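K.L.:
Structure below; questions to follow.
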Amino acid sequence: RIGAKIADSLNQYKIASASVFLDSIDLTPDLYASFFFGVKLKNYVFSKYYVSKKDDYLKSLQSISGISKKAEEVSLKFDSLDAIAEGVLTARDLVSEPANVLFPKSFADKCTDLRSLGVNVKILDESEMIKLGMGALIGVAQGSANKPYTVIMDWNPEVNNKKTIAMAGKGVCFDTGGLNIKSAASNIADMKDDMGGAAAVFGAMYAIAKQKLNVRVVGIIGLVENSVSATAQRPSDIVITMSGQTVEVEDTDAEGRLVLSDIMWYVQEHYNPDYLFDIATLTGAVTVALGEGGYAGLFSNDDELASDVLRLGIQTGEEFWRLPLSETYDKQIDS
């Protein structure tokens, strides 16, 4: 947070470069590195489409260095944080793009950039997903002129005795709500960011590969558009998921869980992960429950894993609040 405040001040005064004397306070190399991490995250701006306003929004700060007896240790600690920062900023770029630029095909193409970092990237097109029986994901996408894709990003280092972690991201590149169309009051213009879960998975895979972490991680994202058209999914349609489970669609704006159900089943069948995280901009009800900007909702069927996630949320300053899963709720969605 201090790094972020410093970045703000330097930009306010149009400073291009600065040096910070770190030894004036005695902190660990980890904390010094975190300071620069904060600077980098706060110095971000998405200015790609500005024309006349560009000068008002561009950041003046181009470089900041630390002067310290521990400079070498700080630099080593920051290397890892810098990779994480790059992953975060990449995810922010993706979420900031408009839907006419970032749609399922262009997002899938972007994922191939990870190959240069050693990530194995596999892309499933619509015909392959139909053969696999991914009827829930296909159902969401059937109203859009932009065809759906599933992308699997596999980081599998040679020396690896760790467990396999899988991450599944919701990638609805634009969500009209389908035939249960969203209103202007429900901020439909913001629905270009309904692929935030997929962006987070992509950013995480980038950071993991950049650090060359010795752990097997598989990221999978389902990329679709939920559109209104003559071919769009209807309320009362029944779709068959890849698992064979049937789902009655009561509300076409409850599309994210359909996309996730198929990609989560795919990654379980093909990679048998020890842990599976799904990350999604799934429901406004969580925001209603927990408020804006404070906590993210956490659902889990594993108490030990949930405890680890809650602890790490506190450690990183991005906190979670655990929400209940029970048979009582299951009954409410029986068809």
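The values are calculated or read from the model by the stated rules, or taken from the named source; none is laboratory data. Computed from a prediction, not measured in an experiment: that's the story for all the values here. Heads up: the accessible areas ignore ligands, DNA and RNA and are worked out on the full protein's heavy atoms, side chains in. Shrake-Rupley method; radii C 1.70, N 1.55, O 1.52, S 1.80 Å.
K.L.:
Computed over the Cα atoms, what is the radius of gyration of the range 212-330 divided by 2.2 N^0.38 Å, N being its residue count?
P.N.:
Normalised by 2.2 N^0.38 Å, the Cα Rg of the range 212-330 equals 1.22.
K.L.:
Convex hull over the alpha-carbon atoms of the chain: what's its volume per residue in Å³?
P.N.:
Details: hull volume 54.8 nm³, N = 335.
Dividing the Cα hull volume of the chain by its residues yields 164 Å³.
K.L.:
Hey, another quick one. Using a 1.4 Å probe and counting only protein heavy atoms, arrange Leu276, Leu114 so the residue with the most accessible area comes first. Walk me through the numbers before you get to the answer.
P.N.:
Details: Leu276 50, Leu114 0 Å².
I get Leu276, Leu114, largest accessible area first.
K.L.:
Translational D (Stokes-Einstein, µm²/s) of the range 52-120 at 25 °C and 0.890 mPa s when Rh comes from the Kirkwood sum over C-alpha pairs? Spell out each step's value before the answer.
P.N.:
Details: Rh = 15.5 Å.
The estimated diffusion coefficient comes to 158 µm²/s.
K.L.:
Additional query: If you roll a 1.4 angstrom probe over the protein chains with everything in place, what fraction of the accessible area of the range 39-180 belongs to carbon and sulfur, to the nearest %? Show your work: numbers first, answer last.
P.N.:
On the way: 3660 of 7140 Å².
Percent of accessible area from carbon and sulfur atoms in the range 39-180: 51.
K.L.:
For the range 69-174, list log₁₀ I(q)/I(0) at each q in 0.10, 0.11, 0.23 Å⁻¹, using the Debye formula over Cα point scatterers of equal strength and ignoring solvent, two decimals each.
P.N.:
Rounded to two decimals, the profile gives -0.41, -0.48, -1.38.
K.L.:
At 1.4 Å probe size, with every protein chain present, just tell me what the per residue accessible area of the range 264-335 comes to in Å². Each step should come with its number before you reach the end.
P.N.:
Details: 5490 Å² over 72 residues.
Accessible surface, normalised per residue, equals 76 Å².
K.L.:
How big is the Kirkwood radius of the range 1-109, worked out from every pair of different alpha carbons and given in Å to one decimal? Show your work: numbers first, answer last.
P.N.:
Numbers: mean 1/r = 0.0644 Å⁻¹.
Taking every pair of different Cα atoms in the range 1-109, averaging 1/r and inverting gives 15.5 Å.
K.L.:
Would you calculate, for the chain, the mean residue ellipticity at 222 nm contributed by helices, counting each DSSP H stretch of 4 or more residues as -39,500 (n - 2.57) and dividing by all residues, to the nearest 500?
P.N.:
Values: 12 runs with 136 residues, N = 335.
That comes out to -12500 deg cm²/dmol.
K.L.:
Which of Lys163/Lys331; Lys40/Lys212; Lys40/Lys122; Lys48/Lys147; Lys182/Lys331 have a Cα-Cα distance over 29 Å?
P.N.:
Violating the 29 Å Cα-Cα cut-off are Lys163/Lys331; Lys40/Lys122.
K.L.:
Enter the Cα centre distance for the pair the range 258-306 and the range 138-173, rounded to the nearest angstrom.
P.N.:
14 Å
K.L.:
Which percent, to the nearest 5, of DSSP beta bridges fully inside the chain are antiparallel? Don't jump to the answer; show the numbers that get you there.
P.N.:
Working: 15 of 39 bridges.
Approximately 40 percent, going by the DSSP bridge assignments.
K.L.:
Could you compute how fast the range 263-335 diffuses translationally, taking Rh as the Kirkwood radius over C-alpha pairs and applying Stokes-Einstein at 20 °C with viscosity 1.002 mPa s? Give it in µm² per second. Kindly include the intermediate steps, with their values, before the conclusion.
P.N.:
Details: Rh = 14.1 Å.
Translational D for this selection: 152 µm²/s.
K.L.:
Figure the gain on full extension for Ile188 and Asp55 (residue separation times 0.36 nm, minus the Cα-Cα span) and round it to one decimal in nm. Intermediate values should be presented prior to the final figure.
P.N.:
Working: separation 133, 0.36 × 133 = 47.88 nm, distance 2.92 nm.
Going from the current span to full extension adds 45.0 nm.
K.L.:
I want to verify a result. In a Gaussian network model of the chain, Cα cutoff 10 Å, which of these has the top mean-square fluctuation: Asp302, Asp237, Asp262?
P.N.:
Ranking Asp302, Asp237, Asp262 by mean-square fluctuation puts Asp302 first.
K.L.:
For Cα pairs less than 8 Å apart in space and 6+ apart in sequence, what is the mean separation divided by the residue count of the chain, i.e. the relative contact order in percent?
P.N.:
Details: 624 pairs, mean separation 57.1, N = 335.
Value for the chain: 17 percent.
K.L.:
What does DSSP give for the range 121-257 in terms of the percent of beta bridges that are antiparallel, rounded to the nearest 5? Intermediate values should be presented prior to the final figure.
P.N.:
Working: 14 of 25 bridges.
Antiparallel bridges make up about 55 percent of those DSSP assigns within the range 121-257.
K.L.:
Out of Ser34, Ser116, Ser106, any idea which swings most in a Gaussian network model of the chain, alpha carbons joined below 10 Å?
P.N.:
Result for the chain, Cα springs under 10 Å: Ser116 fluctuates most.
K.L.:
Using the Cα atoms of the range 112-186 to build a convex hull, what is its mean projected area in square nanometres?
P.N.:
Details: hull surface 30.7 nm².
Value for the range 112-186: 7.7 nm².
K.L.:
Using a 1.4 Å probe on the protein heavy atoms, what percent of the accessible area of the range 198-331 belongs to carbon and sulfur?
P.N.:
Numbers: 3820 of 7470 Å².
Carbon and sulfur atoms account for 51 percent of the accessible area of the range 198-331.
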